[in-house]
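Novice: Please find one structure pasted underneath; my questions will follow.
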Amino acid sequence: MFTPMLSIIIPVLNEAENITNVLKHLTTNTSEINNTEIIIVDGGSSDNTTALIASFSEISEATIKLISSKKGRARQMNNGAKNATGNILYFLHADSFPPKNFDALIIQEVQKGNPAGCFKMKFDSNHWWLQLASWLTKFSWRACRGGDQSQFITRELFDEIGGFDETYTIYEDNILISELYARNKFVVIQEWIGSSARLYRERGVWNLQYHFWTIYVKKWLGADADELYAYYLKNIKQQRAPKASTLKVETSKVYSDK
């Protein structure tokens, strides 16, 4: 008999601004707190991320594990999976907020025979392009997928695939998603997960979107992990933020919308 246990795995690096809000959200929006555990994998934060996690753990009834790892999201998420006790793994960004009863929604899909998938996603922005991009995530098209939508996968399938490819410093989510689509094992749960548009605010919507598209096309044309990371470093990570942003922010939290 399959007894579901959900392991929520969150890779972090200097997420002091977000981590407490995410933990509060997770612990108040699970349907069965006894059927879940939260594993936070720190990649060497230099702020007070780990202290905030420890403080929250002391006052929470939830099972929260904090583990250390070498930096790199693929490596951190794989380490989280190794330390997980659940038979369903749920990979989540530190600035994303799943819908209410997200654990039950995921377990229902697995019990229906869907071993992997995500939620449709909504950015916390009223910029028309990001609203359109958010709306498109409800469709099952491969081009509409990304790590911001979170990722659930059974441990059995995750181990069969071999986990996240650690040669990729970026794009690791998409490598796994492509493998799942190739196996025709992916479902989009029609509930909203809220996600921060902070990088778009820092870099500018069209500037950042252009570079994301370029990375996608480069991979499609055969670029390897090192080439993608070199482009990311030059054009996104080390790029100076624009002086002014045209991106407006919604005051309401999108993860409560239906």
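Readers should treat all values here as calculations from the given coordinates under stated rules, not as data from a laboratory. Since we're looking at a predicted model, the values are computed, not measured. When we count neighbours, we look across all protein chains shown, and the Cβ atoms used for this are built from the backbone with ideal geometry, even at glycine.
Novice: What's the total number of residues in the range 23-52 that are closer than 18 Å to residue 83 by Cα, outside any strand (DSSP E or B) and in contact with a helix residue (DSSP H, G or I) (Cβ under 6 Å, 6 or more places away or on another chain)?
Specialist: Matching residues across the range 23-52 total 1.
Novice: Kindly indicate whether residue 42 is surrounded by fewer than 17 Cβ atoms within 10 Å (Cβ to Cβ) and charged (D, E, K, R).
Specialist: No: the conditions fail for residue 42.
Novice: Moving to a separate point now. Any chance you could count how many residues in the range 58-115 are surrounded by fewer than 19 Cβ atoms within 10 Å (Cβ to Cβ), touching a strand residue (DSSP E or B) at 6+ places or on another chain (Cβ under 8 Å) and of a type in the set (Val, Ile, Thr)?
Specialist: 3
Novice: To continue, here is another question. Any residue in the range 57-82 that is closer than 16 Å to residue 155 by Cβ sitting within a Cβ distance under 8 Å of a residue that is crowded, with 19+ Cβ neighbours inside 10 Å and of a type in the set (Phe, Trp, Tyr)? List the pairs, counting only those 6 or more apart or interchain.
Specialist: As it stands, the answer is 77/91; 77/164; 78/164; 80/91; 81/158, since those pairs meet every condition given.
Novice: Right, here's the next one. Report the residue count in the range 179-217 for those that are closer than 22 Å to residue 163 by Cα and out of contact with any Leu (no Cβ under 9 Å at 6 or more places or on another chain).
Specialist: Residues in the range 179-217 being closer than 22 Å to residue 163 by Cα and out of contact with any Leu (no Cβ under 9 Å at 6 or more places or on another chain): 7 in total.
Novice: Moving on. Can you tell me which residue in the range 131-165 is nearest to residue 225 (Cα to Cα), limited to those that are of a type in the set (D, E, K, R) and either without any contact (Cβ under 8 Å) to a residue 60 or more places away in the chain or touching an Asp or Glu at 6+ places or on another chain (Cβ under 8 Å) (or both)?
Specialist: Ranking the qualifying residues of the range 131-165, first place goes to 165.
Novice: Considering (1) over 16 Å from the mean Cα position of the chain (by Cα); (2) outside any loop (DSSP other than H, G, I, E, B), say which one residue 103 fails and leave the rest.
Specialist: Residue 103 satisfies all of (1) over 16 Å from the mean Cα position of the chain (by Cα); (2) outside any loop (DSSP other than H, G, I, E, B) except (1).
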